[in-house]
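Sharing a structure here in structure tokens format.
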Amino acid sequence: MAAEANQQPVFRIAGLAKVYRSGDVEVHALRGVDFEARAGEFVVILGPSGSGKSTFLNIIGGLDTPTSGEAWFKDHDLTRMNERELTLYRRDHVGFVFQFYNLVPSLTARENVQLVTEIARNPMRPEDALGLVDLGNRLDHFPAELSGGEQQRVAIARAIAKRPDVLLCDEPTGALDSRTGIRVLEALTASNAELGTTTIVITHNAAIQDIADRVVRFADGRIASSIRNERRRAASEVSW
Amino acid sequence: MSVLDRKLLRDILRLWPQVLAIAFVMASGVATLVLGVGTYASLNETRNAYYERNRFADVFAQVTRAPRALAEEIAGIPGLQAVEPRIEKIALLSIPGMEAPASGLFVSLPDLAEQRLNLLTIRQGREPQPGADREVVISEPFARAHGFGPGSSFEAILNGRKRSLLVVGVALSPEFIYAVGPWDLMPDDRRFGIIWMRERALAAAYDLEGAFSSLHLKLGLGASQASVIERIDAMLARYGGRGAYGRKDQTSHAFLDAELLQLRAMSRITPPIFLIAAALLVNMTLARLIALERQQIGLLKAVGYSGAAILSHYLKFVAVIAVSGILIGAIVGTWLGRGAARLYADFFHFPFLIFRMDPETYLIGAAAGLGSGLAGAIRVLLEAMRLPPAVAMSPPEPPAYHRMFSGFRFAVRLPGSLRMVLRHLLRWPLRTASAIIGIALSTAILTGTLWVFEASEFMIDATFHRSERQDATISFAQEQPSRSLQDVARLPAILAAEPYRIVPVELRHGPLHRRVALAGKPPDARLSRVLDREFRVAALDGPGIALSDALAGILRARPGDVVEVELLERDRRVVLVPVTTVIQGYLGLTAFMNLDALNRIMREPDLISGVHVRYDAAAQSELFERLKQLPKASFIALQRVSLRQFRDTLAQNLLTMVTIYVSLAATIAFGVVYNVARITLSEQGHEMASLRVLGFTRGEVSGLLIGEIAIIVLVAQPLGWAIGYGFAAGMALGFSSELYRVPLVVGREAYGFASLVVIAAALLSALVVRRRIDGLDLVAVLKTRE
């Protein structure tokens, strides 16, 4: 991205560790992760199941707290936030997209987006957000009346409608076929380009890595590599 | 409307049958509460207003004959607001066209002055003219029973002389709200009425000119009833005073009080049952709803909704249920309460009805409804509030089932489907327990109310088939020599005759004392027998006294103790008498002695107050004709007739009560089963559809659901019986008064009927849900995640 240079990082993560205790067993989900993301950057995180990428995303999204380490969003220390502050952080700064869409089945596409715009500070109109993901003609459909790809695009519209600083996506194409998945990726890259939203996508679908500015690989609770793409490809150019 | 509220609305529309089922259970609780509290308050208020407006006396005293001048003297006692002396006599009536003998309580009205106490409310006609000796006012129930009005006439035997009386008015009096004749079980308006006539006429008939036989007093503010009674007793003693008493011992007031007490006891037992059941249902349904919406809750939190926002969202869901329950309950309760109060007011012959529903009553109802909703919801809601947002990111884990039965040494080979059912029930132990308690409550509500009828039958059997076996009791106007027994025995159709004597006494044991009618009976009594607590005949052969268990309880007297007996008649001596037995007695407070021993104490050999008889019903017309002319008799109780009447009333009440309680219990049973079934279906819809795909028949699949419900319902029955027995015990305690005690007898019929109704309601409810299983869309169910 052009605006990348000389910008304060959106996320500054250092030595992040997370240990889950289940009875006597300790599970080290994260073992010291250092990471930075700049404003407007599009990052794809790859890694096998259990490599810690979801835990990482949950922590920087304010859904979970680390056992140790530092996690800064701009000048906010996420590790020191209490429940209420985390809620406000999520409300004001973060947009989420989930593998299984997590739409409220009893609300229409428009209403699912309103769920967020109602509590956001400076939201766009739900119709505009749905227009961005090319669903302007499906506003009043219930989730059950939408295809999987359409549902995921509603979820993306819902996530970007509040103009979040960061968009965190957990396997957004995991439940979709290639053709539908590409439309979802197009929606993500479009919002990244048009709104300048820092976007972090975790996936184990390596085909997606080409659309990112940077590709980070997780393995065994650590970052194994971080590679900058010389040339970003358009979502329509990838396939799996 | 916010989007979350729109979600709420759609959730409710989607779950409306479940929401409504819970709301109805809650409504039943609120309705019975409003009904009970409201009816009680209305009747209490009406009674108080009636007493107030008609200046109902506070203290009452009967004497043989006291000079009127004494009444003036008594009026001088400080603290008295009003004193009214009058004449009161019971006499036989002869009513045209009525075969059975009837009696009237004749009460005098002041000749020239206005009534000062117990004012009549004239409903038709007027009061008798002063000096018009034939003119009478009769009580309204009695008038109605005979179709009497101003202009009607009938005959009475006053002091042995037959007189023709002319009805000029029909009235109600606060003194005779509940007018029950001596030896009668409940008011029989055909055979007993109140008749008011001018004092001069009544005094002339009974040679009581310038005298009175009954005294009514109204206390001023702050006056002590006990000390007034003490002074009056001293003043009346030499005129044959039988001891003054307060309202508590006034027959009409005491019966009315006992009825109101019963009403209140009922209104305290039923509402909590419904409210507990509603709380359990709210809990189950909300728990399932929240389990289904875990990810949505996680999502809401993830996008920035606070825990409080989630809490308020689901709280609104509970509020919708509670508010609909409260509204339905309040409306139905008010409607039923109005009907019930009017019914009671008619039964008691109140001249007016103050229907009163305090805002407080509704507030209590609303608080109870909201309370039960909250109680059911609170734990689940707090869990939902604490649900970490990260659950939005992960798919739900398959529920962990227990590997039960595999460890059994003698592993019973359970069919797979039964194992599924049992594991599912044990997987959610709290919900299963809630469902079992809910069903048990509906069994309990039936057991705990319908037992009353069996208990009444038991009481009737004990009282009328084993103890008081006479067909009729003839009371004499005054004690008669014992040869009068032979006169009665010689009457036509008489099969057996047995004398008795009644003496008003005060029994004292240490600081405890009680006024009762001490009855003397022959030792070999065959008609009116005294039974001990094992229902064996207790012989009255010594000089001792037998006390009914209730009376013995009040006096804290046991066999072997010596009680003081103060005779409230004649010379008012005090004698010491040993207690020989404590006997069974469901009605009133009773005490018995050997007739000869009683006469010895009275120093009056061979006097009797009346005769119990058994007669040949086939020849009763002639007997009744002769009885009506019997100059010595003042009242003839027909136990056989009043028993039939009592049974008729009971049967009517039974039908009403059964209808009401069956529908209430069915509401709970239906509500619980329906919710359990819907929840199971929502949890196991996938499994059931999968089984269908694997080749299971519809019957086999719905068998899983029916099996689950069957287990819950069956396990609940014994628990329901136990809880029902507890309710019955509580109610028996609430019902018991000095007038009567209901034996705590819960028979197999009550248990069986309760279970039958509940099982039927459960079955119906299960069948409704079964239709949904039959309609499962196999493909769709398998495709969608929950």
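For every residue, the table says whether it meets (1) within 30 Å of B:Ile138 (Cα to Cα); (2) surrounded by 19 or more Cβ atoms within 10 Å (Cβ to Cβ).
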| position | (1), (2) |
| --- | --- |
| B:Tyr305 | no, yes |
| B:Ser312 | no, no |
| B:Ala319 | no, no |
| B:Ile326 | no, yes |
| B:Trp335 | no, no |
| B:Gly339 | yes, no |
| B:Tyr344 | yes, yes |
| B:Tyr362 | no, yes |
| B:Gly365 | no, yes |
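For region B:625-679, how many residues meet the condition of being among the basic types (Lys, Arg) and farther than 30 Å from B:Val611 by Cβ? Explain how you work it out, then say what you get.
The first filter runs over region B:625-679 and keeps only residues among the basic types (Lys, Arg), leaving B:626, B:628, B:632, B:640, B:644, B:647, B:678.
Pick out the ones that are also farther than 30 Å from B:Val611 by Cβ and you get B:678.
Matching residues across region B:625-679 total 1.
Looking only at region B:267-292, count how many residues are at pLDDT 85 or above and within 14 Å of chain A (Cβ to nearest Cβ).
2
So how many residues does region A:47-93 have that are acidic (Asp, Glu) and within 9 Å of another protein chain (Cβ to nearest Cβ)? Give the derivation first.
Within region A:47-93, the subset acidic (Asp, Glu) is A:64, A:70, A:75, A:77, A:83, A:85, A:92.
Checking which are within 9 Å of another protein chain (Cβ to nearest Cβ) leaves us with A:64, A:83, A:92.
Total meeting the criteria: 3.
So if I check each of B:Ser306, B:Ser312, B:Ser267, which one is of a type in the set (Gly, Ala, Ser), within 17 Å of the chain's Cα centre (by Cα) and within 29 Å of B:Ala377 (Cα to Cα)?
Numbers: B:Ser306 fails: within 17 Å of the chain's Cα centre (by Cα); B:Ser312 fails: within 17 Å of the chain's Cα centre (by Cα).
Just a single option satisfies the conditions, and that option is B:Ser267.
Which one of these is in the same structural domain as B:Gly542 (by TED's automatic domain parsing), in contact (Cβ under 8 Å) with a residue 24 or more places away in the chain, closer than 18 Å to B:Ser484 by Cα and not aromatic (Phe, Trp, Tyr): B:Leu607, B:Leu630? Spell out the reasoning first.
Working: B:Leu630 fails: in the same structural domain as B:Gly542 (by TED's automatic domain parsing).
Unique residue meeting the criteria: B:Leu607.
Report whether or not B:Ala330 is surrounded by 18 or more Cβ atoms within 10 Å (Cβ to Cβ) and either touching a Cys at 6+ places or on another chain (Cβ under 9 Å) or in contact (Cβ under 8 Å) with a residue 40 or more places away in the chain (or both).
Working: surrounded by 18 or more Cβ atoms within 10 Å (Cβ to Cβ): yes; either touching a Cys at 6+ places or on another chain (Cβ under 9 Å) or in contact (Cβ under 8 Å) with a residue 40 or more places away in the chain (or both): yes.
So B:Ala330 passes the test.
Checking the structure you have, find out if any residue of region B:43-57 is within 14 Å of chain A (Cβ to nearest Cβ) and of a type in the set (Lys, Arg). Break it down stepwise before answering.
The initial filter retains those residues of region B:43-57 that are within 14 Å of chain A (Cβ to nearest Cβ), namely none.
No, region B:43-57 has no match at all.
Take the residues in region A:56-82 that are touching a Gly at 6+ places or on another chain (Cβ under 8 Å) and of a type in the set (S, T, N, Q); name whichever of them is nearest to A:Ala219 (Cα to Cα).
The extreme case among them is A:Ser68.
Continuing with this model, one more query. Only one of these is surrounded by fewer than 22 Cβ atoms within 10 Å (Cβ to Cβ), under 30 Å from B:Leu261 (Cβ atoms) and touching a strand residue (DSSP E or B) at 6+ places or on another chain (Cβ under 9 Å): B:Arg55, B:Arg68. Name it. Outline the logic, then answer.
On the way: B:Arg68 fails: under 30 Å from B:Leu261 (Cβ atoms).
Criteria check complete, one pass: B:Arg55.
Restrict the check to region B:639-647 and report whether at least one residue is part of a strand (DSSP E or B), of a type in the set (S, T, N, Q) and on the phi < 0 side of the Ramachandran plot. Quick ask: steps written out before the conclusion?
Just the residues of region B:639-647 that are part of a strand (DSSP E or B), to begin with: none.
No, region B:639-647 contains no residue that is part of a strand (DSSP E or B), of a type in the set (S, T, N, Q) and on the phi < 0 side of the Ramachandran plot.
Of all residues in region B:146-164, which are in a strand (DSSP E or B) and either over 23 Å from B:Gln478 (Cα atoms) or of a type in the set (Ser, Thr, Tyr) (or both)?
Result: B:Ser153, B:Phe154, B:Ser164.
I'd like the full set of residues that are in contact (Cβ under 8 Å) with a residue 12 or more places away in the chain and either touching a helix residue (DSSP H, G or I) at 6+ places or on another chain (Cβ under 6 Å) or within 22 Å of B:Thr473 (Cα to Cα) (or both), limited to region B:536-565.
B:Ala538, B:Ala539, B:Leu540, B:Pro543, B:Ala546, B:Leu547, B:Ser548
A further question on this structure: Would you please name the residue that is surrounded by the most Cβ atoms within 10 Å (Cβ to Cβ), looking only at residues in region A:94-123 that are more than 8 Å from chain B (Cβ to nearest Cβ) and charged (D, E, K, R)?
A:Arg110
How do the pairs read when you match residues in region B:120-139 that are in the same structural domain as B:Val167 (by TED's automatic domain parsing) and farther than 21 Å from B:Phe56 by Cα with residues anywhere that are in a loop (DSSP other than H, G, I, E, B) and of a type in the set (A, V, I, L, M, F, W, C), using Cβ under 6 Å and keeping only pairs 6 or more apart or on different chains?
B:Pro130/B:Leu112
Do we have any residue at all in region A:23-31 that's modelled with pLDDT of 90 or more, in contact with a His (Cβ under 8 Å, 6 or more places away or on another chain), within 14 Å of another protein chain (Cβ to nearest Cβ) and in a strand (DSSP E or B)? Even if it seems obvious, please write down each step before you answer.
Our first condition is that a residue be modelled with pLDDT of 90 or more; within region A:23-31, this holds for A:28-31.
Pick out the ones that are also in contact with a His (Cβ under 8 Å, 6 or more places away or on another chain) and you get none.
The answer is no, given that none of the residues of region A:23-31 is modelled with pLDDT of 90 or more, in contact with a His (Cβ under 8 Å, 6 or more places away or on another chain), within 14 Å of another protein chain (Cβ to nearest Cβ) and in a strand (DSSP E or B).
Right, another one. Can you confirm whether region B:2-18 contains a residue that is away from chain A (no Cβ under 14 Å), closer than 16 Å to B:Phe670 by Cβ, surrounded by 21 or more Cβ atoms within 10 Å (Cβ to Cβ) and touching a residue at least 60 places away in the same chain (Cβ under 8 Å)?
First, pick out the residues of region B:2-18 that are away from chain A (no Cβ under 14 Å): B:17-18.
Of the ones still in play, those that are also closer than 16 Å to B:Phe670 by Cβ are B:17-18.
Okay, now just the ones that are also surrounded by 21 or more Cβ atoms within 10 Å (Cβ to Cβ), so B:18.
Retained after the next criterion (residues that are touching a residue at least 60 places away in the same chain (Cβ under 8 Å)): B:18.
So far as region B:2-18 goes, yes, one or more of its residues are away from chain A (no Cβ under 14 Å), closer than 16 Å to B:Phe670 by Cβ, surrounded by 21 or more Cβ atoms within 10 Å (Cβ to Cβ) and touching a residue at least 60 places away in the same chain (Cβ under 8 Å).
While we're here: Is there any pair linking a residue in region B:356-382 that is in a loop (DSSP other than H, G, I, E, B) to one that is of a type in the set (D, E, K, R), with Cβ under 9 Å and at least six apart or on different chains, and which?
B:Arg356/B:Glu45; B:Met357/B:Arg338
So, one more: With respect to B:Phe347, is the statement that it is in a helix (DSSP H, G or I), in the same structural domain as B:Ala287 (by TED's automatic domain parsing), within 29 Å of B:Ala287 (Cβ to Cβ) and not polar (S, T, N, Q) true? Show your work before the answer.
Numbers: in a helix (DSSP H, G or I): yes; in the same structural domain as B:Ala287 (by TED's automatic domain parsing): yes; within 29 Å of B:Ala287 (Cβ to Cβ): no; not polar (S, T, N, Q): yes.
No, not satisfied.
Okay, moving on. Could you grab me the full set of residues in region A:124-155 that are within 13 Å of another protein chain (Cβ to nearest Cβ), closer than 19 Å to A:Ile202 by Cα and surrounded by 20 or more Cβ atoms within 10 Å (Cβ to Cβ)?
A:Gln151, A:Val154, A:Ala155
If you go through region B:561-579 one residue at a time, do you hit one that is of a type outside the set (Ser, Thr, Tyr), farther than 22 Å from B:Gly241 by Cβ and under 33 Å from the mean Cα position of the chain (by Cα)?
yes
Would you call A:Glu230 acidic (Asp, Glu), in a helix (DSSP H, G or I) and out of contact with any strand residue (DSSP E or B) (no Cβ under 6 Å at 6 or more places or on another chain)?
Values: acidic (Asp, Glu): yes; in a helix (DSSP H, G or I): no; out of contact with any strand residue (DSSP E or B) (no Cβ under 6 Å at 6 or more places or on another chain): yes.
Against the criterion (acidic (Asp, Glu), in a helix (DSSP H, G or I) and out of contact with any strand residue (DSSP E or B) (no Cβ under 6 Å at 6 or more places or on another chain)), A:Glu230 does not qualify.
Looking at region B:443-457, is at least one residue over 30 Å from B:Arg268 (Cα atoms) and surrounded by 19 or more Cβ atoms within 10 Å (Cβ to Cβ)? I'd like the intermediate steps shown before the answer.
Initially, region B:443-457 is screened for residues over 30 Å from B:Arg268 (Cα atoms), giving none.
Taking every residue of region B:443-457 in turn, none turns out to be over 30 Å from B:Arg268 (Cα atoms) and surrounded by 19 or more Cβ atoms within 10 Å (Cβ to Cβ).
Another one. For region A:150-177, name all the residues that are small (Gly, Ala, Ser) and at pLDDT 85 or above.
Taking region A:150-177 and keeping what is small (Gly, Ala, Ser), we get A:155, A:157, A:159, A:161, A:174-175.
Once the filter is applied, which keeps residues that are small (Gly, Ala, Ser) and at pLDDT 85 or above, region A:150-177 yields A:Ala155, A:Ala157, A:Ala159, A:Ala161.
Oh, and also: One residue is enough: does region A:1-24 have a residue meeting the conditions in contact with a helix residue (DSSP H, G or I) (Cβ under 8 Å, 6 or more places away or on another chain), among the polar types (S, T, N, Q), touching a residue at least 60 places away in the same chain (Cβ under 8 Å) and within 27 Å of A:Ile156 (Cβ to Cβ)?
no
Follow-up question, since we're still on this one. Kindly list the number of the only condition in (1) in contact (Cβ under 8 Å) with a residue 12 or more places away in the chain; (2) assigned to a strand (DSSP E or B) that fails for A:Ser225.
(1)
The values are calculated or read from the model by the stated rules, or taken from the named source; none is laboratory data. Small disclaimer: the values here were computed from a predicted structure and weren't measured. Ideal geometry is used to build each Cβ from the backbone, glycine not excepted, and the neighbour counts take in all protein chains shown.
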